[in-house]
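Down below is the structure, laid out as C-alpha cells.
The values are calculated or read from the model by the stated rules, or taken from the named source; none is laboratory data. Since we're looking at a predicted model, the values are computed, not measured. Methodologically, a virtual Cβ is constructed for each residue, glycine included, from the backbone with ideal geometry; neighbour enumeration extends over all protein chains shown. Ligands, DNA and RNA are stripped out before the accessible areas are found, and what is left, the full protein with its side chains, is counted by its heavy atoms. Shrake-Rupley method; radii C 1.70, N 1.55, O 1.52, S 1.80 Å.
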Amino acid sequence: MIDIRNVSKWYGQFQVLAECTTSVREGEVVVVCGPSGSGKSTLIKCVNGLEPFQQGDIIVKGTSIGDPKTNLSRLRAHVGMVFQNFELFPHMRITENLTIGQIKVLNRSKDEALEKGLGLLDRVGLKAQANKFPGELSGGQQQRVAIARALAMDPICMLFDEPTSALDPEMINEVLDVMVELAKEGMTMMCVTHEMGFARKVANRVIFMDQGRIVEDAKKEDFFGTPRSERAQQFLSKILQH
Amino acid sequence: MAYNWNWEIFLQPSATGEGTYLSWLLEGLKWTVTLSLSAWVIALIIGSIIGVLRTVPNRWLGLLAATYVEVFRNIPLLVQLFIWYFVLPELLPRGMGDGFKQMNPLAQQFVSALVCLGFFTAARVAEQVRSGINSLPRGQKNAGLAMGFTLPQVYRHVLLPMAYRIIVPPLTSEFLNIFKNSAVATTIGLIELSRQAQQLVDFTAQPYEAFIAVTLLYLLINVALMFLMRQVEQKVRVPGFIGGK
Amino acid sequence: MHDFDWTSIPGAIPLLAKGMLVTLEVTLTAIAVGVVWGTLLAVARLGRNRVLSWLATVYVNLFRSVPLVMVILWFYLIVPQALKAIFGESIGDIRLTSALVAFALFEAAYYSEIIRAGIQSVAKGQMAAGLALGLTPGQTMRMIILPQAFRNMLPLLLTQAIILFQDTSLVYVIGLSDFFGTSYKVGDRDGRLVELLLFAGAVYFVICFSVSRVVKHLQARFSS
C-alpha cells in the first residue's frame, strides 16, 4: 500500500532524511520510533506529500508522490492523517469539522456527511459533543474527534504523527484505545509514536530511525526481543524505563 | 479673549443661500462617511487579495504583492491623492483621460479620493491579513491539505476564517484611520467634513464654533465605529479560543 | 500618451531642497518633542495619580481620534492668537510655527502609545528589583525601565517617524511650502505638474523605503 523507495530530503544543506526505504502492506500496522530530530515526523509527512523530498519516491496504492503530475489533493482525500496538535478547525463546530471534508472534497451530500460524521463520533464515544467548538473540548477529546474526522473520508490508510505527544498523561489511553480498535479492524496504519505499549499490542512491524536513517526495520517480536543495532537498544532501554 | 461666541450660527441660513450652516456640516459628514465606507470596501477586497498573495508559495506573486505594499506605504497619502487626481488622467489613453476630466468636478474629486484611499488602505489591510495568516499554527494548513483540500480551499475554509477573526482589532484601527484619512480629500476640493469646517470659517465669523462642531462630529464617528466593531468582535468570537490572540 | 518633459526639475533643485528643509524641520521637531512629551504622557497614564492618568488618557484619545488635517487647521487658528496674547504679536513664520506645534502635540499622542506598550513590555520584576535596591520609582523608571522600553520599541518608534515624515506633506492645507508643497508649486508654475508630482512621489519613496529597510535590519538584529 505504501512503498517508500530510497527517499532523501535536505533542508538547504542539512540532510533530514537519508535513503529511507521501507513499505507498509495492506492491513499492516507499522510503528515508527526514534529520538527527536531523527526525521520520523518528516518521513511520515512525505508520505502524503505535505513535505517535499528531493530524491527517491513514495508510491501510495499505485500513485507516485514524487511525480509532479500527480494530483496530490485527490490522493490526500483517501489518506487520513492525525496530527500531534489535533489541528481541528477552531472556528467550526465538531459536526462541521467532520463533514466539511466529505462535502467539499468527496462531494457527498450534507445529510450523508452528517450521518457518517455522527456515526464515527459515536464510535469514538463523543456523540454528546457534536455541537460544541473544539476549544471547548479537552485534548484527548479533540484528538478522538480528529481521528473521526480522518476516518470520515473513508481512507485507504491512516497516518499518525505523534498523536499522543501533546496530551496530558491521563488522556493518552482514551486515544490509544481508539487506535487499537482501528488496528484490530484491519486499517493500514503508519504511526510515529513513543508509546511502546501500543506498539507491542497492535504493531506488526517497528521501524527505528536515527539521524534521518532507518536503522532498524523489524517484526515487532524481533524488535522488542533482540534489536540488532546498538542505537535501538539504547533508545529502547531509555524509553521502556517509564 | 474678545471673541463673540454664537452657537446659533449653525441654524442660520448660509450666505450663499443653500441651506443652513448646519446643513453644510451634515453634507460634509455625508461625504466623509460615503467616501470612507466605499473606500473601506475596496481596501478590504484588494487588501485581502494582496495579503493572501504574500503568503502563497509562488515567489513571483509574493514579490508582486510585496511591491504593491512597499509602493503604497512609502509615498505620503497626499502625494498619492494628487497623483490619482492630476497625473493619472494625463497618463490614461486619450479617451479615458478626457472622459474623466469632463465628469462633474465633484465626481472627479470623489472618484480620485475613493481610489486613492482604497488602494492606500489596501496596503495596510494586506499587511494585517498576512500577519493574521502567518500567526496561525502551521498544522492548520497541513490539516486542511491532508484532508484533500486544494490550496485555495485551505485558504477559504481553514486559514482565512480564523485569520480574519484574529485581526479584527487591528482592522478596526485601519477602519478608523480611513475615516480620518478621508480629510485629505479637502486638498482637491471634495466637500467632506474638514472642508466644510474651512468653508464655515470663511463664511462666518465663528471659526471656533465651526471647528468644535466638526471635531465633535469626528469624535462621534469614532465612538460609533468603535461600538460597531466591538459588536463584530463579539459576534465572530470562537468559543474556547483564548481571545483570538 | 503624455509628453514627459523633466527639464523643469534640475533648475528647481535649490527651491525643492529648501522645501525639503522645511519638511525635515517639522519632522525632526515633532520627533524630538513628540518623544519627550509622549514619554511623559505614557508615564502619566501608567502612574498612580488618577487625575494625571485620566488627563493623559483624554489627551491621547482625543488626538488619536481626530484627523491630522483638523489638528493642523486648529493650531493654525489658535497659535497666532495665542502668540498675540502671550507676546503681543505673532513671531516668525506663523505657518511654520503653528505646524511645528500641531505636529509635535499630535505625534506625542502616537508616540505615547508606543512607549506605553514599551514600558509594559519590560518585565514587571524590573520595577520591583529597582525599588528593592532602594531606588525611588522615578529613578527606577528613568534608569532601568525607560532605557529597556526604548530599546524594545526602537523599530516601532522609527516606523512612526517614517509615517510622520510622510504626514508633514499635509502642511499643504495651511499653505506652508514643504517639499511636497514646493514640488506642486514648481509643477504648477512650469506647467509640468505631472512630472513634478511623480518626482516628489519617487523621492519620498526612496527615502522612506530606505529607512524602512534599515528598521527591518535593526529589528532582525534585535530579535536574535
In what sequence, largest accessible area first, do B:Trp5, B:Trp84 appear using a 1.4 Å probe?
B:Trp5, B:Trp84
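Counting pairwise Cα distances across the range A:1-135, what percent come out greater than 20 angstrom?
56 percent
Test of understanding: express the Cα radius of gyration of the range A:192-238 as a ratio to 2.2 N^0.38 Å, with N the residue count. All intermediate terms of the calculation are to be shown ahead of the outcome.
On the way: Rg = 9.8 Å, N = 47, 2.2 N^0.38 = 9.5 Å.
Cα-based Rg divided by the globular estimate yields 1.03.
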Chain A: most fluctuating residue of A:Gln54, A:Gln211, A:Gln13 per GNM, C-alpha cutoff 10 Å
A:Gln13
Counting only other chains, what is the mean number of Cβ atoms within 10 angstrom of the Cβ of each residue in peptide B:149-155?
3
Over the range B:64-118, what percent of the accessible surface lies on carbon and sulfur atoms, probe 1.4 Å?
68 percent
Pair B:Thr67, A:Arg123: separation of 7 Å Cα→Cβ label points (nm):
5.2 nm
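Within 10 Å of each Cβ of B:66-75, how many other protein chain Cβ atoms are there on average?
Mean number of neighbouring Cβ atoms from other chains: 4.
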For the range C:139-165 versus the range A:57-111, the gap between their alpha-carbon centres in whole angstrom
48 Å
Under 28 Å Cα-Cα from C:Lys185, which lysines qualify once same-chain neighbours fewer than 8 residues away are excluded?
B:Lys101, B:Lys180, C:Lys18
What is the distance, in nm, between label points placed 7 Å from the Cα along the Cα-to-Cβ direction at A:Ser8 and at A:Gln234?
2.4 nm
Taking C:His2, A:His194, C:His217 and ranking on accessible area (1.4 Å, protein atoms only), highest first, one gets C:His217, A:His194, C:His2
Considering only C-alpha atoms, what is the centroid distance from the range A:115-175 to the range B:55-103, in Å?
50 Å
So, taking all protein chains as they sit and a 1.4 Å probe, how much accessible area belongs to C:Asp167, in Å² rounded to tens?
40 Å²
Degrees between helix A:94-104 axis and first principal axis of chain A (Cα, 0 to 90, nearest 10):
80 degrees
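Whenever you get a sec, line up B:Leu35, C:Leu131, C:Leu193, B:Leu216 from highest to lowest accessible area (probe 1.4 Å, protein heavy atoms).
Working: B:Leu35 0, C:Leu131 80, C:Leu193 30, B:Leu216 105 Å².
If we order B:Leu35, C:Leu131, C:Leu193, B:Leu216 from most to least accessible, we get B:Leu216, C:Leu131, C:Leu193, B:Leu35.
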Taking 7 Å along the Cα-to-C-beta vector as the label spot, tell me the A:Ala166-A:Arg25 distance in nanometres, rounded to one decimal.
3.5 nm
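Compute the orientation-averaged projected area for the range C:26-114 from the convex hull of its Cα atoms and round it to one decimal in nm².
Details: hull surface 24.0 nm².
With every direction weighted equally, the projected area is 6.0 nm².
For the pairs A:Lys127/B:Lys235; A:Lys132/C:Lys216; A:Lys104/A:Lys132; A:Lys61/A:Lys201; A:Lys61/A:Lys184, note any where the Cα-Cα span goes beyond 31 Å. Mind dumping the intermediate values first?
Working: A:Lys127/B:Lys235 26 Å; A:Lys132/C:Lys216 42 Å; A:Lys104/A:Lys132 21 Å; A:Lys61/A:Lys201 26 Å; A:Lys61/A:Lys184 21 Å.
From A:Lys127/B:Lys235; A:Lys132/C:Lys216; A:Lys104/A:Lys132; A:Lys61/A:Lys201; A:Lys61/A:Lys184, over 31 Å: A:Lys132/C:Lys216.
Can you give the mean number of other chain Cβ atoms that lie within 10 Å of the Cβ atoms in peptide C:164-171?
Numbers: counts 0, 1, 8, 4, 2, 10, 7, 1.
For peptide C:164-171, the averaged partner shielding equals 4.
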Tell me the accessible surface of B:Phe86 in square angstrom (1.4 angstrom probe, heavy atoms of protein chains only), to the nearest ten.
60 Å²
So the pair-distance distribution of the protein assembly as shown, from every Cα-Cα distance in 20 Å bins, comes to percents of 14, 37, 29, 16, 3, 0
Report the net charge of residues surrounding B:Leu25, where surrounding means a beta-carbon distance below 15 angstrom and charges are Lys +1, Arg +1, Asp -1, Glu -1.
-4
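How long are the semi-axes of the ellipsoid equivalent to chain B, from square roots of 5 times the Cα gyration tensor eigenvalues, in whole Å, largest first? Mind dumping the intermediate values first?
Working: eigenvalues 330, 117, 32 Å².
Gyration-tensor ellipsoid for chain B: 41, 24, 13 Å.
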For the range C:34-79, residues shielded by at least 10 square angstrom of accessible area compared with the chain on its own, probe 1.4 Å:
C:Leu62, C:Arg64, C:Ser65, C:Val66, C:Pro67, C:Val69, C:Met70, C:Leu73, C:Trp74, C:Leu77, C:Ile78
So what's the back-of-envelope 222 nm ellipticity for chain A, counting only DSSP H runs of four-plus at -39500 (n - 2.57) apiece and dividing by all residues, rounded to 500?
-11000 deg cm²/dmol
Summing Lys, Arg as +1 and Asp, Glu as -1, what charge do residues with Cβ under 11 Å from the Cβ of A:Thr193 carry, A:Thr193 excluded?
-2
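How high is the relative contact order of chain B, in percent, counting Cα pairs under 8 Å that sit 6 or more residues apart? Write out the running numbers ahead of the final one.
Details: 256 pairs, mean separation 67.4, N = 245.
The normalised contact order for chain B reaches 27 percent.
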Considering only protein heavy atoms, what is the solvent-accessible area of A:Ser165 at a probe of 1.4 Å, reported in Å² to the nearest 10?
50 Å²
Using a Förster distance of 41 angstrom, determine the FRET efficiency expected from the C-beta separation of B:Ile45 and C:Arg50, and round it to 0.05.
0.35
For the range B:118-211, alpha-carbon Rg and Dmax in angstrom:
21.3, 70
Under a Cβ-Cβ cut-off of 15 Å, what is the net charge of the residues other than B:Ser14 that fall near it, where Lys and Arg count +1 and Asp and Glu count -1?
-4
